[in-house]
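The values are calculated or read from the model by the stated rules, or taken from the named source; none is laboratory data. The structure presented is a predicted model; accordingly, all values stated were derived computationally and were not measured. Reconstructed Cβ throughout: ideal geometry from the backbone, glycine too, with neighbour counts over all protein chains shown. Keep in mind that these areas ignore ligands, DNA and RNA; they rest on the heavy atoms of the full protein, side chains included. Shrake-Rupley method; radii C 1.70, N 1.55, O 1.52, S 1.80 Å.
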Amino acid sequence: MAMAPETEKAVPAAPKGSARTKGSLRGLALRWDTAVGALLVAVVVAGLATTDGFGSGENLAFAFNDIVEVALIALPMTLLVVAGQVDLSVASMLGLGSALTGTLWNAGWAFETIVPVVLLVGVAGGLLNGWLVTKVGLPSLAVTIGTLALYRGLASVALGSDAVTDFPQTYADWAVDTTTVPGTFLTYPVLLFVVLAVITAIVLHATGLGRSLFAIGAQEEAAYFAGIRVKRIKLLLFVVTGLFSAFAGIVFTLRYGSARADNGLGFEMLVIASVLLGGIDFDGGKGTLFGAVAGVLLIGVLKNLLTLNDIANEVQVIVTGLLLVASVLTPRVIAAVVERRHRRAAGARP
């Protein structure tokens, strides 16, 4: 008589405390962007415990609004760096946008007309950067060092050493930290940043374009042979970065009520520091938008705390520089240590 086949035994579901779950949690805890987020929370808690007035709505509105231009530019910069590119001309484009805003306002233009013109100039600047990188084949670092000087020079030509003030009160009130969204401590520029950050996060982490950016940053040639339009995507990224930088120039001008050719001088280092501090790999192909935003907020909160405690601006610059060095060096040291352990473990196996 034929024997009935044995039925397969049901495999029990892995318990919550299983090795796989623990490994996933451990991997999350070891991620650099998670560490930056935890450090941000620790700095906020320390500020609340040690510095009077730090947790007030007025101070929080000022602290976040004080870095809103850096935060806005950091969004497209994150996409650029993920794709293995960089744009060092962003602060100069901010200055050019501010200078043009002042020049056109002095010439009697309506502010509603000035804004789209300045944004178009930002698009043109991004196109120039992108064309030199994608069509001419120059490295983005060299190109944007050159356009950094070019755009700042154009700003000086447009406005000289003058400062233009007295912009429309309606627009000026929109940008300052004393005007907040009802019921919150968020200013309208910060609220705009939050909306744009959500959109950018969706693009980077939940769309085909985002996956293409990671593929380009990880291995550009392989991405090209996989059918990804590498040059078109990189050109688009530079255009968007120029657009955001010019818009940041308008916001900066309204927030301070002054258009100057040297506005935003040195901001490119703050943007790069924020992005790299958040765990975006400078070689491309790695990182999260959460980490970049956490890096921006960490620098902003530290700057605010140091200011409240009467720490000199030179010390603040040193702290930013140290954070930038740490953000680049620490992940590489950790990766080297982990790789060495894996080699030792592999060598110890019989």
Residue match in region 242-255 (condition: touching a residue at least 40 places away in the same chain (Cβ under 8 Å), within 12 Å of the chain's Cα centre (by Cα), assigned to a helix (DSSP H, G or I) and closer than 21 Å to Leu209 by Cβ): yes
Residue match in region 341-350 (condition: out of contact with any strand residue (DSSP E or B) (no Cβ under 6 Å at 6 or more places or on another chain), open to solvent by 30 Å² or more (accessible area, probe 1.4 Å) and not in a helix (DSSP H, G or I)): yes
Among (1) surrounded by fewer than 21 Cβ atoms within 10 Å (Cβ to Cβ); (2) not in a helix (DSSP H, G or I), the one test that Val203 misses: (2)
Close pairs (6 angstrom Cβ cut-off, 6 or more residues apart or separate chains): more than 20 Å from Val239 (Cβ to Cβ) and modelled with pLDDT under 95 in region 144-170, among the hydroxyl-bearing types (Ser, Thr, Tyr) and open to solvent by less than 60 Å² (accessible area, probe 1.4 Å) anywhere: Ala158/Thr103; Leu159/Thr103; Ala163/Ser258; Thr165/Ser258
Candidate set from region 288-303 (those that are surrounded by fewer than 24 Cβ atoms within 10 Å (Cβ to Cβ) and not hydrophobic (A, V, I, L, M, F, W, C)); member that is nearest to Met77 (Cα to Cα): Thr288
Close pairs (9 angstrom Cβ cut-off, 6 or more residues apart or separate chains): within 26 Å of Gly125 (Cα to Cα) and hydroxyl-bearing (Ser, Thr, Tyr) in region 216-241, assigned to a helix (DSSP H, G or I) and open to solvent by 90 Å² or more (accessible area, probe 1.4 Å) anywhere: Tyr224/Lys231
Some residue of region 306-318 being acidic (Asp, Glu), surrounded by fewer than 12 Cβ atoms within 10 Å (Cβ to Cβ) and in a helix (DSSP H, G or I): yes
Filter result for Val44 (open to solvent by 30 Å² or more (accessible area, probe 1.4 Å), in contact (Cβ under 8 Å) with a residue 12 or more places away in the chain and either more than 20 Å from Ile250 (Cβ to Cβ) or touching a strand residue (DSSP E or B) at 6+ places or on another chain (Cβ under 6 Å) (or both)): yes
Residues satisfying the stated conditions in region 124-166, i.e. surrounded by fewer than 22 Cβ atoms within 10 Å (Cβ to Cβ), under 26 Å from the mean Cα position of the chain (by Cα) and small (Gly, Ala, Ser): Ala124, Gly137, Ala142, Gly146, Ala149, Gly153
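Listed here are the residues, each with its yes/no results for (1) at pLDDT below 95; (2) touching a Lys or Arg at 6+ places or on another chain (Cβ under 7 Å); (3) part of a loop (DSSP other than H, G, I, E, B).
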| residue | (1), (2), (3) |
| --- | --- |
| Asp52 | yes, no, yes |
| Met77 | no, no, no |
| Asp87 | no, no, yes |
| Leu96 | no, no, no |
| Val121 | no, no, no |
In region 100-112, the residues that are open to solvent by 10 Å² or more (accessible area, probe 1.4 Å) and not acidic (Asp, Glu): Leu100, Thr103, Leu104, Trp105, Asn106, Ala107, Gly108, Trp109, Ala110
Residue list for region 263-286, filter: open to solvent by 10 Å² or more (accessible area, probe 1.4 Å) and assigned to a helix (DSSP H, G or I): Phe267, Glu268, Met269, Leu270, Ile272, Leu276
Matching option when the condition is open to solvent by less than 40 Å² (accessible area, probe 1.4 Å), closer than 20 Å to Glu268 by Cβ and not basic (Lys, Arg), among Val121, Val81: Val81
Counted residues, region 210-233 - those being within 17 Å of the chain's Cα centre (by Cα) and crowded, with 22+ Cβ neighbours inside 10 Å: 2
Any chance Val115 is under 25 Å from Val198 (Cα atoms), in contact (Cβ under 8 Å) with a residue 60 or more places away in the chain and open to solvent by 10 Å² or more (accessible area, probe 1.4 Å): yes
